[in-house]
Amino acid sequence: MSTIEKHAFQAEIAQLLDLVIHSLYTDKEIFVRELISNAADATEKLKFLQTSGAEIFEPDAALTISVATDDQAKTITFTDTGLGMTHGELIDNLGTIAHSGSKAFLEQLKASKDDAQLIGQFGVGFYAAFMVAEKVTVFSRSYLPGETGWVWTSDGRTGYEIEPAGELSRGTKIVLHLREAEFATASRIEQIIKHYSNFVQFPIELNGTAVNTVQALWTKNKSEITDEEYADFYKYVGHDSDAPQYRLHFSADAPLAIRALLFVPAKSYEQLTMQRSESEVNLYCKKVLISPKAKGLFPEWLRFLKGVVDSEDLPLNISRETMQDSALLRKINEVLTKRVLKWLDEEAKTDAEKYDRFFAEHGHCIKEGVANDWSHREALAKLLRAESSHTEKGKTTSLPDYVSRMPEAQKEIYYLLAPNREAAEASPYFEVFREKKFEVLFLYAPQDEFVMENLREFDKKRLVAAEKADLKLDEEKPGALSDDEARLLANFVKETLGDRVGEVRVSKRLTGSPAVVVDSDAQLTSSMRRVMKMMNREGGPSLDAKPDLEINPRHTMLAQLEKIRHTDAALAAQVSEQVFDNALVAAGLLDDPRTMLARMTSLLEKLLAK
Ligand code: ADP
Ligand code: MG
């Protein structure tokens, strides 16, 4: 007498199988992940039953998950000692889509006020087996003492059969008869387990050897984790032998259940290689990998982060492609970004010098965020750091600190682009600021100006390039030249220079320098002009526009020039040209300094002849 029962799959299951096999999954290997997480679920449930004092069949069986491959027979077998399934559960859980085992279990857990760690609503998980198997056999023995074993068999097409299996050990054994030998190869399976299931909380053995070794630290409480464990974990996820500079371990329940363990590497790989790097944060759902180096988890400008994000709210069986543009991912991105910005701000306040080291490595990413991401601009701007005229060399200030020091008379935030501090302090553009004691940010990176241009203002105060600042020296110091003389000298210089210069004006901002060039285009600064020249960009403002020249009426050299032009016009012309070239050199705008060498030599000759 045959005891085999034949069952047809529910219509939805048949559809589901078709969907799973043909469209939803692109990576067949994830069937390993699915079956292992089911085994881990079942084991976790059993563990809970143990603690709740339920009567359990074979109570002392070790809680391990074993995987065995047989490349001769082309099979792979997953065995667990979890809670197993009864005859009815096999039908409900593996034969109907409306199975609610996990759901019901979760409710039980909630009722018992214990925390549910591993209970999922993994819709199609088990059926992933049919992506690679032509036949699946499930042996199961429930933990309930009065039960017996059952075998469930299916080819994933016509339906399934169930028959008694007599006495079995507690738990479930799933045998996949594979279409291809690939997944019956131990090395291949080891690689897959390590990739997706390395953090599963029960030992996973492959052909008798333990495979998963690293703990899912992010799910533990901070107080239970040693610094050494954190360090080891970082080495594992960060592929970095140096210790990380910062670490953030946090969990949130609302609006999303998220646990994250994030690190900032001590060194910027990007600066080292001059190549844009990819974010190395892996996305997990309950310790099971969903996507490595998950795209879209963070904004681009946080690509220096490494670590793990785990969200229980993620559907486990979703393809990577679908994941990337899901609204859920955007929500996670939002929550994480806000948290990371807050975290960096706190770190900066806790230890400014450490933060400076961070900024020296990864500041270019923060700047990129300021320039491109208007939705976080205000928070990002607070994270910027720069040297300024009020800091010591090598020390920085933030924008909020700058603003807090602004005197009443100062309405704008000023910055000066220079190759280094010495050049900034010696810059003619800096003179008026030194005199007025207005603080100026010293910016040394070529992209800084672009960042400032995009930021435009901070705390409702305009950001202004020093050379564009409309500032005058406070009290008109008695000039070496009278107003009239200065004006006439300016005219003379303009006549001498002709087309090379735009306007020549009497400066109200210079103290120590004889002259300075100022871009005649209100939008342009000399450094931008320099960059544009370098890139030879077309379509931008015309590069033929001449810079204006401002001369300093308080400078004795100009007073002498004013005198000499009445007695030695040729010498005065040469000196005027040299003053202009010197100003161009100071602004970094002189194309080829060799052109002025002949003039210099002639001037030296005249000097020595005296
Ligand atoms: P999910 O895991 O999301 O519930 P699956 O399709 O992966 O969905 O599994 C369906 C159900 O089958 C599970 O909820 C569980 O009740 C049952 N099941 C699957 N594998 C096992 C197993 N190894 N041990 C016990 N029950 C299992
Ligand atoms: Mg599952």
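The values are calculated or read from the model by the stated rules, or taken from the named source; none is laboratory data. Nothing here was measured: the structure is a model prediction, and the numbers come from that model. Neighbour counts run over all protein chains shown; Cβ positions are idealised from the backbone, glycine included. Only protein heavy atoms, including side chains, enter the accessible area calculation; ligands, DNA and RNA are left aside. Shrake-Rupley method; radii C 1.70, N 1.55, O 1.52, S 1.80 Å.
Residues in segment 202-223: is at least one surrounded by fewer than 17 Cβ atoms within 10 Å (Cβ to Cβ) and assigned to a helix (DSSP H, G or I)?
Looking through segment 202-223, at least one residue is surrounded by fewer than 17 Cβ atoms within 10 Å (Cβ to Cβ) and assigned to a helix (DSSP H, G or I).
Could you look through segment 447-489, keep only residues that are touching a helix residue (DSSP H, G or I) at 6+ places or on another chain (Cβ under 6 Å) and in a loop (DSSP other than H, G, I, E, B), and pick out the one that is surrounded by the fewest Cβ atoms within 10 Å (Cβ to Cβ)?
Of everything passing the filter in segment 447-489, Asp459 is surrounded by the fewest Cβ atoms within 10 Å (Cβ to Cβ).
Has segment 563-581 got any residue that is surrounded by 15 or more Cβ atoms within 10 Å (Cβ to Cβ), touching a strand residue (DSSP E or B) at 6+ places or on another chain (Cβ under 7 Å) and in contact (Cβ under 8 Å) with a residue 40 or more places away in the chain?
yes
Take segment 325-376 and flag every residue that is farther than 23 Å from Gln447 by Cβ, among the hydroxyl-bearing types (Ser, Thr, Tyr) and at pLDDT 95 or above.
Scanning segment 325-376 gives a single hit, Thr350.
So Ala260 ticks every box in (1) open to solvent by 80 Å² or more (accessible area, probe 1.4 Å); (2) part of a strand (DSSP E or B); (3) touching a residue at least 40 places away in the same chain (Cβ under 8 Å) but one. Which box is left unticked?
Among (1) open to solvent by 80 Å² or more (accessible area, probe 1.4 Å); (2) part of a strand (DSSP E or B); (3) touching a residue at least 40 places away in the same chain (Cβ under 8 Å), Ala260 violates only (1).
What's the number of the condition Ser197 fails, among (1) modelled with pLDDT of 95 or more; (2) closer than 21 Å to Thr81 by Cα?
It fails just one condition, (1).
Looking at segment 106-117, is at least one residue within 16 Å of ligand 2 (Cβ to nearest atom) and modelled with pLDDT of 85 or more?
no
What number of residues within segment 572-610 satisfy the criterion of being over 14 Å from Pro514 (Cα atoms) and hydrophobic (A, V, I, L, M, F, W, C)?
13
Could you tell me how many of the residues in segment 265-311 are open to solvent by 50 Å² or more (accessible area, probe 1.4 Å) and touching a residue at least 60 places away in the same chain (Cβ under 8 Å)?
Total satisfying the criteria: 3.
Please specify each residue of segment 465-503 satisfying the condition of being modelled with pLDDT of 95 or more and closer than 18 Å to Leu524 by Cα.
Selection gives nothing.
Restricting to segment 158-194, name every residue that is open to solvent by 70 Å² or more (accessible area, probe 1.4 Å) and modelled with pLDDT of 90 or more.
Glu167, Ser169, Lys173, Arg179, Glu182, Ser187, Glu190, Gln191
Could you please give the count of residues in segment 131-157 that are surrounded by fewer than 21 Cβ atoms within 10 Å (Cβ to Cβ), touching a residue at least 40 places away in the same chain (Cβ under 8 Å) and either within 16 Å of ligand 2 (Cβ to nearest atom) or not in a loop (DSSP other than H, G, I, E, B) (or both)?
Number satisfying all stated conditions: 3.
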